[in-house]
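Each remark here refers to the structure printed beneath this line.
The values are calculated or read from the model by the stated rules, or taken from the named source; none is laboratory data. Computed from a predicted structure; not experimentally measured. Cβ placement follows ideal geometry from the backbone for every residue including glycine, while neighbour counts extend to all protein chains displayed. SASA here: full protein model, heavy atoms, side chains in, ligands and nucleic acids out. Shrake-Rupley method; radii C 1.70, N 1.55, O 1.52, S 1.80 Å.
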Amino acid sequence: MSLSKNKIRYIRSLEAKKHRKEEGVFLAEGPKLVGELLGHFPCRLLVATSEWLKDRPVLTDGIQEIIVASHEELSRASLLKTPQSVLALFEQPFLEVDTEAARRSLCLALDGVQDPGNLGTIVRLADWFGIEHIFCSLNTVDVYSPKTVQATMGGLARVKVCYTDLPTLLDSLEGVPVYGTFLDGGNMYNEVLSETGLIVMGNEGNGISAEVASRINRRIYVPTFPADRLAAESLNVAVATAVVCAEFRRQAVGR
């Protein structure tokens with residue numbers, strides 16, 4: 001079966017959140033990413049060159065529909081500047097919000113993160129640092145947007161990303177350490193950071209919202225170096241997440 005014009009239109013329509021939500025699927029492109037996600041999410045459609053399929057017969061078990069396509073056909077369906085040899089449509093999982101996760105492990109919460117690349121990078125960072133749960137505010141960008149999925153580099157296979165009302169979630173975490181980064185917070189490197197709890201990261205331009213900030217009980221700060229040096233006003237949210245998570249894990253290893 002060749003890749004029809006209707007199928008190409010359908011694949012490309014998934015760039016829009018409305019269509020992804022209606023269909024309950026998300027798009028992934030490229031051998032590494034598709035290979036990471038196969039087996040973790042049901043695959044409705046896989047489109048690949050004959051060469052890619054020939055080298056990976058085991059990976060194709062259980063896929064609803066497989067289409068062998070030419071590089072030219074894949075190029076017409078792809079949302080990437082440099083089309084790859086394979087793309088796939090996976091079912092979006094239904095994930096219940098695990099409110100107890102922050103009591104037994106270290107979790108992340110994202111308050112209004114808007115850039116798809118930032119969100120995807122944060123998912124990838126969470127995967128690297130062994131953080132299995134990310135709670136996103138309802139106004140955080142869609143984790144299943146193609147740009148976000150690509151930026152996760154397969155982290156979606158191991159990190160559960162849920163959308164919820166953050167103030168309500170935080171109200172349910174009585175007694176749990178809830179960290180947030182603020183300019184008036186304590187120097188992160190002088191603080192004793194817990195091995196469990198929640199780290200809240202804010203919007204790229206406005207930081208953590210007032211409603212969420214009022215519920216944070218551990219205010220920390222990533223200092224410049226040296227401390228009195230004039231520097232940029234803030235770090236990119238994904239970079240800040242990496243720095244903060246690294247310090248949490250460094251302290252945990254040192255105990």
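Once divided by 2.2 N^0.38 Å, the Cα radius of gyration of the range 1-105 becomes 1.17. How large is the Kirkwood hydrodynamic radius of the range 50-125, in angstrom, based on all distinct alpha carbon pairs? Hydrodynamic radius (Kirkwood, Cα only) of the range 50-125 equals 16.5 Å.
Take every DSSP beta bridge whose two residues both sit in the chain; close to 30 percent of them are antiparallel.
Working from label points 7 Å from Cα in the Cα-to-Cβ sense, the Ser50 to Ala157 distance is 2.8 nm.
Over the chain, the Kirkwood radius and the radius of gyration, each from Cα atoms, give a ratio Rg/Rh of 1.03.
Extension gain, Lys5 to Asn217: 0.36 nm times the residue separation minus the Cα-Cα distance gives 70.9 nm. Working note: 222 nm ellipticity from helices only, DSSP H runs with n ≥ 4, each -39,500 (n - 2.57), summed and divided by the residues of the chain, gives -9500 deg cm²/dmol to the nearest 500. Does a label point 7 Å from the Cα of Ser234, set along Cα-to-beta-carbon, have any residues of the range 111-143 with amide nitrogen under 13 Å, and which are they? 111-115, by backbone N distance to the label point.
Listed peptides 47-54, 181-188 appear in the order 47-54, 181-188 once ranked by packing, highest mean of other Cβ atoms within 10 Å at the front.
Counting Cα-Cα pairs of the range 155-255 in 10 Å increments starting at 0 gives whole-percent bin shares of 13, 45, 35, 7, 0.
What the chain shows is 51 Å² of accessible area per residue, with the surface traced by a 1.4 Å probe over protein heavy atoms. Stokes-Einstein diffusion for the range 59-173, with the hydrodynamic radius set to the Kirkwood value over Cα pairs and evaluated at 10 °C in a medium of 1.306 mPa s, equals 101 µm²/s. Projected over all directions and averaged, the alpha-carbon convex hull of the range 3-44 occupies 3.3 nm². Amide H contacts of Glu191 (H built 1.01 Å from N, in plane; Pro and chain starts excluded): no residue 5 or more places away or on another chain comes under 5 Å.
Its Cα gyration tensor gives the range 107-204 an equivalent ellipsoid, and the semi-axes of that ellipsoid, as √(5λ) in whole Å with the largest first, are 22, 15, 13.
Ignoring ligands, DNA and RNA, what percent of the accessible area of the chain is carbon or sulfur (1.4 Å)? Reported share for carbon and sulfur atoms: 52 percent.
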